[in-house]
């Protein structure tokens, strides 16, 4: 095993990712209080905001002022990267909660239905970080986690954006 691979499996790396996860959570709370500085940068601002904060709220306020597909894309990309941090922190979760037989049973179920489940869960505006933690902890492959999550969020934001525009333009 290479030196970098050993580091990624080390307790030190896992502790660092848990600390980073906590810092991202605190930063999300701070950015959520005043997202306006990010909005003047258009889609890049939406993307950056979604890296740190609850981007679903931006769709409500920006759907009438921006292209819905661009807004959905920027939001889904930003949120996917944000939720990727939760997945990474979850990969380090065995430092806090050792794996058990129950966890292995849940892991088997997730591997069987995970792609569909991640897509469906990402359609629902829930705190998705917990899903990322669980997927990472259960060692679900990153690509199999992030791709259905991205597409689910993209579809959700398109539906939400067109729904808002249709509702408020009538």
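The values are calculated or read from the model by the stated rules, or taken from the named source; none is laboratory data. Note that the coordinates shown come from a computational prediction; the quantities given were computed from them, not determined experimentally. Cβ: placed from backbone, ideal geometry, glycine included. Neighbour counts: every protein chain shown.
Points to keep in mind about this one:
- Boolean, residue 162 is touching a helix residue (DSSP H, G or I) at 6+ places or on another chain (Cβ under 9 Å), within 25 Å of residue 73 (Cα to Cα), surrounded by fewer than 18 Cβ atoms within 10 Å (Cβ to Cβ) and in contact (Cβ under 8 Å) with a residue 12 or more places away in the chain: yes
- For segment 104-116, the criterion of a residue being in contact with a helix residue (DSSP H, G or I) (Cβ under 6 Å, 6 or more places away or on another chain), farther than 29 Å from residue 166 by Cβ, in contact (Cβ under 8 Å) with a residue 40 or more places away in the chain and surrounded by 14 or more Cβ atoms within 10 Å (Cβ to Cβ) is satisfied by no position.
- Tallying residues that are surrounded by 14 or more Cβ atoms within 10 Å (Cβ to Cβ) and over 12 Å from the mean Cα position of the chain (by Cα) within segment 143-153 yields 1.
- Considering residues of segment 64-100 that are in a loop (DSSP other than H, G, I, E, B) and modelled with pLDDT of 80 or more only, the residue surrounded by the most Cβ atoms within 10 Å (Cβ to Cβ): 92
- Residue in segment 112-133 that is within 26 Å of residue 15 (Cα to Cα) and more than 13 Å from the chain's Cα centre (by Cα) present: no
- Of all residues in segment 1-50, exactly one satisfies the criterion of being at pLDDT 65 or above, under 21 Å from residue 79 (Cβ atoms), in a loop (DSSP other than H, G, I, E, B) and in contact with a helix residue (DSSP H, G or I) (Cβ under 9 Å, 6 or more places away or on another chain), namely 41.
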